[in-house]
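Every read-out reported here was derived from the displayed coordinates using simple, explicitly stated rules and does not represent laboratory data. Please read these numbers as outputs of a predicted model, since none were measured by experiment. Cβ: placed from backbone, ideal geometry, glycine included. Neighbour counts: every protein chain shown.
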Amino acid sequence: MSLSQELRNALLNILPEGSFIDSPELLRPYECDGLTAKRGMPLAVVLPTDEAQVLAIVRLCHEQDLPLVPRGAGTGLSGGAQPLSQGIVLSLARLKTILDIDVENLTARVQPGVRNLAISEAVRKHGLYYAPDPSSQIACSIGGNVAENSGGVHCLKYGLTVHNIQKLRIITPQAELLTLGSDALDSPGYDLMALFTGSEGLLGIITEVTVKLLPTPPSARVVLAGFDNVEQAGEAVAAIISAGIIPAGLEMMDNRSLRAAEDFVHAGYPLDAAAILLCELDGTPAEVEEGIEQVLALLQQHGCSSHRLSNSEAERQQLWAGRKAAFPAVGRLSPDYYCMDGTIPRHQLSLVLSRLEQMSASYGLAVANVFHAGDGNLHPLILYDANKPGELVKAEKFGGDILSLCVEVGGSITGEHGVGSEKIDQMCVQFQALELTQFHAIKAAFDPKGLFNPGKAIPTLHRCAELGAMHVHNGELPFPNLERF
Ligand SMILES: Cc1cc2nc3c(=O)[nH]c(=O)nc-3n(C[C@H](O)[C@H](O)[C@H](O)COP(=O)(O)OP(=O)(O)OC[C@H]3O[C@@H](n4cnc5c(N)ncnc54)[C@H](O)[C@@H]3O)c2cc1C
């Protein structure tokens, strides 16, 4: 398939030179996001450099019924930015200016292509930072963070993206500019900004984000604790939280992932531990010392076999470096890995971990486990080799079983990576027909033509029915338009 000459010319007229790609070799880098197992080639990729160009592109797509897939930095892990063969990819990567830093009101106004880490770097001189810190923060864009409602190590205490933004400027599928949220902390009416956060590019294009900034805590220290078995580490997590302590971060890695990370960045992790916990306390020095004392006592009560405390900022950063590099580190263990993302109630951690081990043995595929343990957010990394016939399918089936297990124990099929094209079938497991119908109604209210990121995040009821997960009455679909893709 290719773009008609008329559409090609119209796009070229909107864009500055060097901002339109349709040659197959140059389209290759855009054929997938971080979920490399799912690929597709778009008709073209457009890289506007300002909001007016984005608006003109959206208007054209609306007039010509041309589907589009928004894209930030392409680090998403659920195929959200996976292109469609009948549509274009709209990259926001070149809108990367920090427009304003308001120290008095503790906010920054930024364009969607600004990297997450670049915000904290820009406001550091004012003693401020932006709290949500996905491990991909060096590369991922704030627009992508909003679209995925991204989390990270520090979200346990400081909240997800949705809790750390104040205002969004968006372009609707009908090419209208809309401001959601306000400069005040609360605004009347439906909370459309919250609805938009995590909507995975299905409802509109984010062209500006006002983020909330926080004062950098005066002190922060990390405890690294080793355990002889994973279940004990899981119990220690539950004990810390139920003692009323809210660490700035509470992360867990099993032996396979900690070994990989240690080999990669030499963070100083104990290689003989079955699992490690990283627990960060922040606040005034006195608060931190008190918290550390309580945490150490709890860790010892729950059988930790070793512990170490960061004694300098450099050591704190070093201890986190291993956790933050865990995914690429595990990538060195196997030709391919499949990163899952599910959430469970914290008290189910030990049970889920032992079920994971059983599943791993029955599928014959190894798993490395990395968790935002404090949030109950699991990231099992399934190791496989795509060159071995059938292994990818097996890894996907294993991943699906993990997500079903998360739902079975009262959790959810995603913690922070979104649904995208990856977990669309699991949505049929998580939700009832009535809930999905409401999701489609919201999608249709914003995007009646179904042009923005179609086929992602919300399964059609037919799809669920075909999977045997849902019954569709009389073959009727609430929004037949959305069946097109
Ligand atoms: C090594 C690694 C570690 C990671 N760690 C974490 C982690 O700790 N926590 C976490 O939450 N995620 C993590 N991720 C996943 C990923 O980085 C996040 O989902 C991130 O928010 C994606 O941002 P992006 O700019 O790359 O978006 P993309 O991948 O380009 O897009 C993601 C989704 O957002 C939509 N989108 C992008 N920009 C816009 C826009 N301006 N307007 C409307 N829709 C838009 C796309 O259509 C797509 O659906 C990790 C990924 C990797 C590779």
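Considering only Gly159, Cys339, Cys304, and ranking their Cα positions along the charge dipole of the chain that arises from unit charges at the beta-carbon of Lys, Arg, Asp and Glu, the one farthest toward the positive end is Cys339.
When the chain is fully extended, how far beyond the present Cα-Cα distance does Asp228 get from Ala386, taking 0.36 nm per residue of separation?
Details: separation 158, 0.36 × 158 = 56.88 nm, distance 3.28 nm.
Result for the pair: 53.6 nm of gain on full extension.
Each Lys and Arg adds +1 at its Cβ and each Asp and Glu adds -1 at its Cβ; summed about the Cα centre, the chain shows a dipole of about 660 debye. Here is the short version for the chain: Cys32, Cys61, Cys140, Cys155, Cys279, Cys304, Cys339, Cys406 have no other Cys C-beta closer than 4.7 Å.
Out of the GluC sites (Glu not before Pro) in the stretch 32-122, which ones are loop residues according to DSSP with at most 13 other C-beta atoms within 10 Å? Please list the in-between numbers first.
Values: sites: Glu51, Glu63, Glu104, Glu121; in loops: Glu104.
Answer in residue order: Glu104.
Orientation-averaged projection of the stretch 273-343 equals 6.6 nm² [convex hull of Cα atoms, one quarter of hull surface area]. Our compactness index for the chain, the C-alpha radius of gyration over the empirical 2.2 N^0.38 Å, is 0.98.
Each of His307, His379 was scored by other Cβ atoms within 10 Å of its Cβ. Listed from fewest to most, they are His307, His379. Applying 1/(1 + (r/R0)^6) with R0 = 60 Å to the Cβ-Cβ distance of Gln317 and Ala444 gives a FRET efficiency near 0.80.
Principal semi-axes of the equivalent ellipsoid, √(5λ) from the alpha carbon gyration tensor of the stretch 213-271, are 23, 19, 8 Å from largest down.
Between Asp263 and Arg8, residue separation times 0.36 nm minus the direct Cα-Cα distance comes to 86.9 nm. In this model, which of Lys96/Lys125; Lys423/Lys449; Lys212/Lys443; Lys157/Lys397; Lys394/Lys456 are farther than 25 Å apart at the alpha-carbon? Where the Cα-Cα span goes over 25 Å, the pairs concerned are Lys212/Lys443; Lys157/Lys397.
Thr179 to Arg355: extension gain in nm, 0.36 nm per residue of separation minus the Cα-Cα distance? Display every interim value, and only then the final one.
Numbers: separation 176, 0.36 × 176 = 63.36 nm, distance 4.58 nm.
Extra length from Thr179 to Arg355 when fully extended: 58.8 nm.
Could you line up Lys212, Lys388, Lys38 from fewest to most neighbouring Cβ atoms inside 10 Å? Walk me through the numbers on the way to the answer.
Numbers: Lys212 20, Lys388 11, Lys38 15.
Listing Lys212, Lys388, Lys38 from fewest to most nearby Cβ atoms yields Lys388, Lys38, Lys212.
What fraction of the DSSP beta bridges in the chain is antiparallel, stated in percent and rounded to the nearest 5?
Numbers: 59 of 67 bridges.
Among the beta bridges of the chain, antiparallel pairing accounts for roughly 90 percent.
Cα extents for the stretch 28-158 along the principal axes, largest to smallest and rounded to whole angstrom: 47, 34, 20. All other residues whose Cβ lies under 9 angstrom from that of Asn377 are scored, Lys and Arg at +1 and Asp and Glu at -1, for a net of -3.
Cα convex hull of the stretch 205-303: how many Å³ per residue? Numbers along the way, then the final one.
Working: hull volume 15.8 nm³, N = 99.
Dividing the Cα hull volume of the stretch 205-303 by its residues yields 160 Å³.
Only aspartates and glutamates eight or more places from Lys167 in sequence, or on another chain, were considered; those with a Cα closer than 15 Å are Asp100, Asp102, Asp183, Asp186, Asp191, Glu208.
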